[in-house]
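Peer 1: Pasting a structure below so you can have a look.
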Amino acid sequence: MNPATDDLRDLYQEMVVDHSRRPRNFGRPADANHHAEGYNPLCGDRVTVYLRVVDGVIEAVGFEGSGCAISTASASLMTEALKGKTPAEAEALFADFRALVSGTAPGGGAAAALGKLAVLAGVQEFPARVKCATLAWHTLRAALHDEAEPVSTE
Amino acid sequence: MKIASNELQALQPARPLAFDVGRLRGDFPILARRVHGQPLVYLDNAATSQKPRAVVDAEARYYAEYNANIHRGLHCLSEEATAAYEAARDRVQRFVNAARREEIVFVRGTTEAINLVAASYGQRLRPGDEILISAMEHHSNIVPWQLLCERSGARLCVAPIDDAGQLRLDEFERLLGPRTRLVAVTHVSNALGSINPVAELVALAHAHGAAVLVDGAQAVPHLKVDVQALDCDFYAFSGHKLYGPTGVGVLYGKAALLDAMPPWQGGGDMIRQVSFARTTYNDLPYKFEAGTPNIAGGIGLGAAIDYVDALGLDAVAAHERDLLAYATARAADTPGLRLIGTAAAKAGILSFVVDGVHAHDVGTILDRAGVAVRSGHHCAMPVMERFGVPATVRASFALYNTRAEVDALFAALARVREVFA
Ligand SMILES: Cc1ncc(COP(=O)(O)O)c(C=O)c1O
């Protein structure tokens with residue numbers, strides 16, 4: 001089999017395509033008390049991340065926007081992963097996730113904490129797509145810090 | 001009996017030499033390479049074209065054999081370099097049929113050419129004056145005018161396009177008014193492929209007393225341009241989309257206008273005499289060429305023009321028309337593919353979206369099949385907004401592309417459907 005085709009299969013795994021088609025937690029959760037916007041000017045991907053943080057715990061996460069399959073699936077998977085985490089845990093998860101998709105994780109493998117997010121490991125073979133995978137996460141961080149300016153990947 | 005060679009020629013059928021793409025491809029070293037294990041199918045020519053060996057060699061020869069600064073040294077190398085650089089200017093002049101060589105200003109590219117006009121010619125704009133552009137412009141033919149409007153108090157007006165991506169001529173004419181000072185339009189749209197009726201637009205603008213700048217970045221590689229026949233006041237293009245090097249481009253301007261315009265950058269070469277009390281400026285075109293230019297680039301651009309001239313732009317255009325017609329027909333047979341830009345007059349650009357799949361994902365999958373296209377907004381965000389899409393996939397053709405490569409594009413698009421089945 002052609003290795004270029006294998007890379008594609010690794011990137012667009014069934015779960016990734018599924019989350020891009022039917023994103024989870026799409027929309028603004030009731031009583032959201034933090035939000036931020038993210039933008040990738042290269043491809044026009046836009047995302048808004050909403051959070052409800054109560055007593056130092058992320059109780060609800062949602063997102064809106066439009067983008068490529070990788071950015072949409074990544075945002076969708078992120079919302080599932082964050083529920084019940086503290087902001088510090090969310091930041092740590094982002095660090096692990098970023099290391100995974102940019103191919104800088106120790107040993108190249110996925111940290112155990114990543115769980116389902118590890119399905120995006122295939123992104124590391126596509127350097128041009130790392131920004132797609134991390135857009136929602138950068139936006140999450142801006143939301144946690146209540147940044148008013150939209151986050152840009154450029 | 002001896003037959004004169006011109007008579008012999010007359011006996012031949014009056015048919016131009018066949019356009020032999022297979023042979024031409026050998027002139028472009030990069031086309032032999034593979035990407036991701038696949039033969040390269042380069043369909044991103046609107047972003048930048050590949051370079052024939054003649055261009056690569058011309059640049060290398062300058063550096064290896066006669067590298068020197070121009071217009072300065074009295075020594076042999078400087079004279080050779082100056083002669084080669086100025087010979088390139090002559091080639092450009094002939095290529096666009098400018099009346100005089102002084103009307104050819106070397107710049108960094110289309111973007112810089114437009115900024116030059118905005119900075120220099122723009123100084124005559126006053127509050128309430130109007131600049132008219134079209135809705136299909138590249139950002140480089142929008143933003144310099146917005147900046148000029150901020151500086152001068154002028155107003156930017158935008159002529160709309162129709163659903164096929166054609167300029168609305170009626171609206172264009174309606175927007176021309178007594179306050180219109182400048183019209184800036186593209187010759188060929190990089191996002192849609194539409195060819196604008198430039199001569200007609202120029203005549204309309206001139207009837208209203210407005211000067212016209214034409215963005216020719218996407219036109220010069222694909223159609224014969226005659227600036228005198230168009231009667232435009234300024235014409236801008238880049239070398240790198242015309243099989244030439246990056247970092248060099250051309251601003252054509254009518255001599256009378258350029259003469260009356262103030263310099264836009266100060267420095268060496270653009271002056272005649274400098275004293276702290278008073279500086280006088282050099283003649284055209286040097287008044288607009290401050291500092292050491294891209295000498296190798298200029299020489300390379302001359303070689304690129306020689307290459308294209310030898311083939312004949314008419315033959316190139318006919319070949320690309322065939323590719324576009326073939327690709328358009330294949331697109332029509334492809335379910336879920338929607339063309340963006342279906343103007344009656346188009347140059348070799350096929351812009352499209354695939355139902356339910358983002359242009360970026362399409363681009364990634366095509367790349368793994370060796371097919372290089374552009375996916376994105378093509379520096380024309382207003383065009384994307386007009387058609388209600390975040391981005392398109394754009395395949396753009398050059399003289400070395402083949403129908404087999406169009407087939408490779410559509411085979412790779414079938415893969416897209418598999419991945420997102
Ligand atoms: C229509 C058009 N105008 C202007 C430009 C800008 O050219 P450059 O980046 O070479 O200055 C481009 C190139 O992308 C273009 O396609």
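Peer 1: Could you list, in sequence order, the residues of segment B:354-398 that are open to solvent by less than 30 Å² (accessible area, probe 1.4 Å), within 15 Å of the ligand (Cβ to nearest atom), of a type outside the set (Gly, Ala, Ser) and in a loop (DSSP other than H, G, I, E, B)?
Peer 2: The answer is B:VAL373, B:HIS377, B:HIS378, B:PHE397.
Peer 1: Let me ask something else about it. How about segment B:405-421: which of its residues are away from every other protein chain (no Cβ under 14 Å) and within 14 Å of B:THR364 (Cα to Cα)?
Peer 2: Taking segment B:405-421 first, the residues away from every other protein chain (no Cβ under 14 Å) are B:405-407, B:409-410.
The answer is B:LEU409, and nothing else.
Peer 1: B:THR402 fails exactly one of the following numbered conditions: (1) within 11 Å of another protein chain (Cβ to nearest Cβ); (2) modelled with pLDDT of 95 or more; (3) more than 16 Å from the ligand (Cβ to nearest atom). What is the number of that condition?
Peer 2: Here B:THR402 meets the rest and fails (1).
Peer 1: Then there is this: Does segment A:47-59 contain any residue that is within 14 Å of another protein chain (Cβ to nearest Cβ) and either on the phi < 0 side of the Ramachandran plot or under 12 Å from the mean Cα position of the chain (by Cα) (or both)?
Peer 2: Taking segment A:47-59 as the starting set, the residues that turn out to be within 14 Å of another protein chain (Cβ to nearest Cβ) are A:47.
Add one more test, that the residue is either on the phi < 0 side of the Ramachandran plot or under 12 Å from the mean Cα position of the chain (by Cα) (or both), and what stays is A:47.
Yes - at least one qualifying residue is present in segment A:47-59.
Peer 1: If I ask for residues that are in a helix (DSSP H, G or I), of a type in the set (Ser, Thr, Tyr) and either out of contact with any strand residue (DSSP E or B) (no Cβ under 9 Å at 6 or more places or on another chain) or open to solvent by 60 Å² or more (accessible area, probe 1.4 Å) (or both), which ones from segment B:42-85 would you list? Steps first, please.
Peer 2: Residues of segment B:42-85 that are in a helix (DSSP H, G or I), as a first pass: B:53-65, B:76-85.
If we keep only those that are of a type in the set (Ser, Thr, Tyr) too, we end up with B:62-63, B:78, B:82, B:85.
Within segment B:42-85, B:TYR62, B:TYR63, B:SER78, B:THR82 qualify.
Peer 1: Output the number of residues of segment B:111-122 satisfying the condition of being more than 9 Å from the ligand (Cβ to nearest atom) and under 17 Å from B:GLU137 (Cα atoms).
Peer 2: 3
Peer 1: Here's something else I'd like to know. Residue by residue through segment B:163-182, note down the ones that are loosely packed, with under 15 Cβ neighbours inside 10 Å and either in a loop (DSSP other than H, G, I, E, B) or within 16 Å of the ligand (Cβ to nearest atom) (or both).
Peer 2: Correct list: B:ASP163, B:ALA164, B:GLY177, B:PRO178.
Peer 1: Can you find, within segment A:23-43, the residue that is nearest to the chain's Cα centre (by Cα) among those that are surrounded by 21 or more Cβ atoms within 10 Å (Cβ to Cβ) and small (Gly, Ala, Ser)?
Peer 2: Only one residue fits best here, namely A:GLY38.
Peer 1: Going through segment A:89-139 one residue at a time, which ones are basic (Lys, Arg) and open to solvent by 40 Å² or more (accessible area, probe 1.4 Å)?
Peer 2: Quick first cut of segment A:89-139, residues basic (Lys, Arg) only: A:98, A:116, A:129, A:131.
A:ARG98, A:LYS116, A:LYS131, listed by residue number.
Peer 1: Here is a further query. Of everything in segment B:115-156, what is within 18 Å of B:ALA47 (Cα to Cα), open to solvent by less than 10 Å² (accessible area, probe 1.4 Å) and either modelled with pLDDT under 95 or assigned to a helix (DSSP H, G or I) (or both)? Give them in sequence order.
Peer 2: Selection gives B:ASN141 alone.
Peer 1: Continuing with the same structure: Would you check if there is a residue in segment B:247-259 being open to solvent by less than 10 Å² (accessible area, probe 1.4 Å), within 13 Å of the ligand (Cβ to nearest atom) and not in a strand (DSSP E or B)?
Peer 2: Yes, segment B:247-259 contains a residue that is open to solvent by less than 10 Å² (accessible area, probe 1.4 Å), within 13 Å of the ligand (Cβ to nearest atom) and not in a strand (DSSP E or B).
Peer 1: Evaluate segment B:201-209: report whether one residue or more is part of a loop (DSSP other than H, G, I, E, B), more than 19 Å from B:ALA304 (Cα to Cα) and assigned by TED's automatic domain parsing to the domain that holds B:GLN93. First the steps, then the outcome.
Peer 2: The first filter runs over segment B:201-209 and keeps only residues part of a loop (DSSP other than H, G, I, E, B), leaving B:208-209.
This time we only want the ones that are more than 19 Å from B:ALA304 (Cα to Cα), so: B:208-209.
In the following step, the residues that additionally are assigned by TED's automatic domain parsing to the domain that holds B:GLN93 were identified as B:208-209.
The answer is yes; a qualifying residue exists.
Peer 1: Here's something else I'd like to know. From the set of residues in segment B:123-159 that are in contact (Cβ under 8 Å) with a residue 60 or more places away in the chain and away from the ligand (no atom under 16 Å from the Cβ), which is nearest to B:PHE288 (Cα to Cα)?
Peer 2: Checking each candidate, the answer is B:GLN123.
Peer 1: Out of (1) within 16 Å of the ligand (Cβ to nearest atom); (2) under 18 Å from B:ASP90 (Cβ atoms); (3) open to solvent by 30 Å² or more (accessible area, probe 1.4 Å), what's the single condition that is false for B:LEU223?
Peer 2: Going through the list (1) within 16 Å of the ligand (Cβ to nearest atom); (2) under 18 Å from B:ASP90 (Cβ atoms); (3) open to solvent by 30 Å² or more (accessible area, probe 1.4 Å), B:LEU223 breaks only (2).
Peer 1: I've got another one for you. If I ask for residues that are within 14 Å of another protein chain (Cβ to nearest Cβ) and without any contact (Cβ under 8 Å) to a residue 40 or more places away in the chain, which ones from segment A:29-46 would you list?
Peer 2: Selection gives A:GLY44, A:ARG46.
The values are calculated or read from the model by the stated rules, or taken from the named source; none is laboratory data. Quick caveat, the model's predicted, so the values are computed rather than measured. Reconstructed Cβ throughout: ideal geometry from the backbone, glycine too, with neighbour counts over all protein chains shown. Note: areas computed on protein heavy atoms with side chains; ligands, DNA, RNA excluded. Shrake-Rupley method; radii C 1.70, N 1.55, O 1.52, S 1.80 Å.
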